[in-house]
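Trainee: Sharing a structure here in structure tokens format.
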Amino acid sequence: MYEQHGAVVAPDEPVDELTELGPASGGNPDAVAEPVAYAAAGITKSFAGAVALRDVSVTFLPGEIHTLVGENGAGKSTLLRVMAGIHQADAGSLTLGGEPLTHLTPRAAQQRGIYLVPQEPTLMPHLSVVENLFVGILPKGRLPFSIDWRRMRETAGGYFAQLGLKLDPRQKAETLSIAQQQQLECARALVHNCNVIFFDEPTSPLTAHEAQLLFALMRRLRERQFTLGFISHRLDEVLELSDRITVLRDARVAARFDGAEATRDRLVNEMVGHEVKLQRRTARSGGEGGVALAVSGLTRAREFESISFAVAKGEVLGLAGLVGSGRTEIAETIFGLRRADHGTAELEGRKLLMPSPRSCIDRGLIYLSEDRGRNGIFAEVQLAENVTASIVPHLPRRRGLLRPASERALAQEAMDRTRVRTLNQAALIKSLSGGNQQKAMFARWLVTNPKVAIFDEPTRGVDVGAKADIYTLIGGLAESGVAVVVISSELEELTWICDRALAIYEGRVVGELAGEQITVARLGRLIVGER
Amino acid sequence: MATAPSDMHLARSPSPPVDAKAVARLVRQSLARREVQLVVVTLLVFAITTAHDSGFATTGNISFLIADTMAVAIVAIGETIVVLTRGIDLSVAPILGTAALATGFLAQNHGLTPLELLPLALVIGAVMGAGNGVLVAFAGIPPIIATLGTLAVYSGVQGIIANGQEVVTLPPSYFNLGNDDWFSAIPYVGVIGLAVALGFALILWRTRFGRNVYAVGNNAEAARRAGIDVKRVLVIAYVLSGTLAGLGGLVFLAHVGSADSTTGTDSNIQLTAIAATLIGGSTLTGGKGGTIGSYLAAIFLSVALAALVDFRINPIWEPAGVGVLILVAMLADTTTGRPTLRSILTALLERPGGRP
């Protein structure tokens, strides 16, 4: 096992060229050597009666980036998870380089050179970057039972230079941002000498710039005849990157495209099964409704400085910025999750003194967190109770006891507004698709009847259909007089839904655009500190 | 609590068109519930033991087995609330012991009745529970460490109160409360325990505090962001756990009739209570489970261990039996991603490579 990787991590050959990493890099004959095609045929898989994949056949070829697209719940992730041995298919077969694979486990898959970069990075938080990278294949040192730390660090440094990553090999994984964790996962696939690499929505937590770095890497892997599978909800990057595109809808293959012949409209139509138009909201000048939220001089040491802005009733204000620019920290400070060093926020002319989430919610200010898995859902709790969690103190009761019937009616009303598509309110929320979970989180905040709504990455990891619903929802909220603040890494999204946009760079507001001025190009320059 | 019967009535009223599939589904769904599983398994153990020894199924024995486990059951109900918040309370044994000892002395020396001493037992429990709550919620000490510490501290308090003395003679009212029953089948304390279990089931299901307990146990950070005062929820949970341990102390005193400086800790009652909580369907990862399961699990444990004795198995195996039951209960949970008993058996029976 260790020797197998010796060729790759030889200490005196610092890894500078990708040629050192490729499947054809030689070394141990047992190690993956040849470019291989990986095919799934007739895969069917269901979970507790719900069919996730129905007779799905897809072939991934070496030297190609093959992208799976589809709405949440269409079966994309499940297919990759079956092919990586995480789930076992109920029916169908897997063939790697002409050889059938049976009883595939994650470990067996990795030994055969199949690596899945998961949607949510699964690093070991208390271990260092380099330990995470080499987990399972730690190189032996000279003494028995010892580990060759120096070799590991040097090799890791080589890979990081390759990927354009600025990571300290000794840093603890828990201190990494989501983007950095994702990057580390990609590096891990290379270190483990895999030649079939699947990326399950790697870009959803990444900024545009970070995503471009990843794409550059993927293209180079393609040149080296790696077999690459990719899932993304961002259609521009799908079109930019893919050699082949398979559209899944309702657990089946709906369409197959060559990268060249695919267009945005054709993909979207196949994904949702009917026509959807994402279009720019008619921008309106704010101000006529009066200021709803005014932030002045808000400062937190080392996070952001002197942030001042105002949002009017009925206005949608965008906050654009890279991950780590301070945009989420600003929102969390306004919502009382962090304490400001200086500065204040005023809600309808009244200062928010010592804000807490409870006091903000009760006064009409809400904040949708960017990471619904970590900071949003109560996985083992029913959908309806997830929706009403923020207004439990105000729910109707009789003799001090909550009344489930009227609570459910309230939840249903909010879920209808946010178009949560599910039949059963009593279902545990963890059984819902990502898009529906996100809409349920919107419903949780809409039942509070907010005056000011801050949405942090409102469409992260959400499919096109759900995205359109969420944009409609945000537009409708503004229409009804709510002041909306949208934080997003997707600049295109901001151009669609915002009346005004602020660019945040290194904790400061560096620019403001309004109406037609808001373009991807201008925002893109501002958020990296250019004028 | 007055609204409960109407809801139960609604739930029970049968839908007119009875079709076999729907019935089968209903049966399958209810068998997936831990409460139903426990009732079925308890009856099963009971039937098997009775077939072996007809003396096992006397009403007197049933009554005794229930009364004998009620202190554990009541402590387990409090433990369940803490476990639901993703915590654990190891200190319930000396809380029970201290309450039993303090009330026992007053009963022995001053002839106070159980009802007169009830407030004292509850207050002792609440104060000790509040100590745990403050350590967990405000000092941010992990629950297992905080309550491991107070387990020792409260045992010390119990020793100081004992001061070398024991409770040995109690007014007859205690014996009556702890061991008498209605129709020589339904023990008084069993009804008290059932009332506590149902009452807290209702609180967990239909009050703000109950909702918040599940929210905090599932995801404390998400709960904070939904405007829930997480610290307050935690403190209340530990106070309730302590209070119920105090009540358990009084029930223990009445049933056993004695108390000393090691009552509670000597029988590791906290471990039995945690076992009942886990067997009852709550998980240490929080946010899942309920009090009725814990109540039924305590009775199940009592019956199962008595059955062991009836089959003349050396009592030395008792702790191992409890351990095995915890493990079986974990494997019987089909709602997690873990392998279940069934899948393990299938895998073992299936010949390697036998599947296409």
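The values are calculated or read from the model by the stated rules, or taken from the named source; none is laboratory data. Since the structure is predicted, the reported quantities are computational estimates derived from the model, not experimental observations. We place every Cβ from the backbone using ideal geometry, glycine too, and count neighbours over all the protein chains shown.
Trainee: Pick out the one residue from A:Leu165, A:Leu221 that is in the same structural domain as A:Met83 (by TED's automatic domain parsing), under 20 Å from A:Leu123 (Cα atoms) and of a type outside the set (Lys, Arg). Show your work before the answer.
Mentor: Details: A:Leu221 fails: under 20 Å from A:Leu123 (Cα atoms).
None of the others qualify; the one that does is A:Leu165.
Trainee: Could you pull out every one of the helices (runs of 4 or more DSSP H) wholly within the stretch A:413-519 that has 1 or more residues that are farther than 30 Å from B:Gly289 by Cβ and in contact with a strand residue (DSSP E or B) (Cβ under 7 Å, 6 or more places away or on another chain)? Let's see the steps before the verdict.
Mentor: Details: elements: A:434-446, A:464-479, A:491-497.
In the stretch A:413-519, A:464-479, A:491-497 are the helices (runs of 4 or more DSSP H) which contain 1 or more residues that are farther than 30 Å from B:Gly289 by Cβ and in contact with a strand residue (DSSP E or B) (Cβ under 7 Å, 6 or more places away or on another chain).
Trainee: For the stretch B:264-321, how many residues are among the aromatic types (Phe, Trp, Tyr) and part of a loop (DSSP other than H, G, I, E, B)? First the steps, then the outcome.
Mentor: Keep residues of the stretch B:264-321 that are among the aromatic types (Phe, Trp, Tyr), which gives B:295, B:300, B:311, B:317.
Now restrict to residues that are part of a loop (DSSP other than H, G, I, E, B): B:311.
Looking only at that region, the number is 1.
Trainee: Quick check: anything in the stretch A:360-368 free of Cβ contacts under 8 Å to residues at least 24 places away in the same chain, surrounded by fewer than 17 Cβ atoms within 10 Å (Cβ to Cβ) and facing chain B (nearest Cβ under 7 Å)?
Mentor: No, the stretch A:360-368 has no match at all.
Trainee: Output the residues belonging to the stretch A:413-431 that are within 13 Å of another protein chain (Cβ to nearest Cβ) and surrounded by 13 or more Cβ atoms within 10 Å (Cβ to Cβ).
Mentor: Once the filter is applied, which keeps residues that are within 13 Å of another protein chain (Cβ to nearest Cβ) and surrounded by 13 or more Cβ atoms within 10 Å (Cβ to Cβ), the stretch A:413-431 yields A:Ala427, A:Leu428, A:Ile429, A:Lys430, A:Ser431.
Trainee: Mind checking which residues of the stretch A:261-313 are hydroxyl-bearing (Ser, Thr, Tyr) and at pLDDT below 90? Let's see the steps before the verdict.
Mentor: Just the residues of the stretch A:261-313 that are hydroxyl-bearing (Ser, Thr, Tyr), to begin with: A:263, A:282, A:285, A:296, A:299, A:306, A:308.
Selection gives A:Thr263, A:Thr282, A:Ser285.
Trainee: Looking only at helices (runs of 4 or more DSSP H) that lie completely in the stretch A:92-179, which have at least 2 residues being surrounded by fewer than 16 Cβ atoms within 10 Å (Cβ to Cβ) and out of contact with any strand residue (DSSP E or B) (no Cβ under 9 Å at 6 or more places or on another chain)? Let's see the steps before the verdict.
Mentor: Details: elements: A:106-111, A:129-133, A:149-163.
Result: A:149-163.
Trainee: Restricting attention to the stretch B:16-58, report how many residues are assigned to a loop (DSSP other than H, G, I, E, B), without any contact (Cβ under 8 Å) to a residue 12 or more places away in the chain and hydrophobic (A, V, I, L, M, F, W, C).
Mentor: 1
Trainee: Okay, moving on. Quick check on my filter: what residues within the stretch A:375-412 are under 25 Å from A:Gly461 (Cβ atoms), more than 7 Å from chain B (Cβ to nearest Cβ) and either crowded, with 21+ Cβ neighbours inside 10 Å or without any contact (Cβ under 8 Å) to a residue 12 or more places away in the chain (or both)?
Mentor: Listed by number, the residues that qualify are A:Leu383, A:Ala384, A:Asn386, A:Val387, A:Thr388, A:Ala411.
Trainee: To continue, here is another question. Between a first residue in the stretch B:152-173 that is under 15 Å from B:Asp260 (Cβ atoms) and a second residue that is part of a strand (DSSP E or B) and at pLDDT below 95, which pairs have beta carbons less than 8 Å apart while being 6 or more apart in sequence or on different chains?
Mentor: B:Glu166/B:Ala259; B:Val167/B:Ala259
Trainee: With (1) touching a residue at least 24 places away in the same chain (Cβ under 8 Å); (2) buried (at least 22 other Cβ atoms within 10 Å of the Cβ); (3) at the interface with chain A (Cβ under 10 Å from one of its Cβ atoms) as the list, and B:Leu202 as the residue in question, which single condition is left unmet?
Mentor: If we test B:Leu202 against (1) touching a residue at least 24 places away in the same chain (Cβ under 8 Å); (2) buried (at least 22 other Cβ atoms within 10 Å of the Cβ); (3) at the interface with chain A (Cβ under 10 Å from one of its Cβ atoms), just (2) comes out false.
Trainee: So how many residues does the stretch B:213-246 have that are more than 7 Å from chain A (Cβ to nearest Cβ) and part of a helix (DSSP H, G or I)?
Mentor: First, the residues of the stretch B:213-246 that are more than 7 Å from chain A (Cβ to nearest Cβ): B:213, B:216-217, B:220, B:223, B:228, B:230-246.
Cutting the leftovers down to part of a helix (DSSP H, G or I) gives us B:213, B:216-217, B:220, B:223, B:230-246.
So the count comes out to 22.
Trainee: Based on this model, can you work out whether A:Val247 counts as among the β-branched types (Val, Ile, Thr), closer than 27 Å to A:Val462 by Cα, touching an Asp or Glu at 6+ places or on another chain (Cβ under 8 Å) and modelled with pLDDT of 90 or more? Step through it out loud before you land on a result.
Mentor: Working: among the β-branched types (Val, Ile, Thr): yes; closer than 27 Å to A:Val462 by Cα: yes; touching an Asp or Glu at 6+ places or on another chain (Cβ under 8 Å): yes; modelled with pLDDT of 90 or more: yes.
Answer is yes for this residue.
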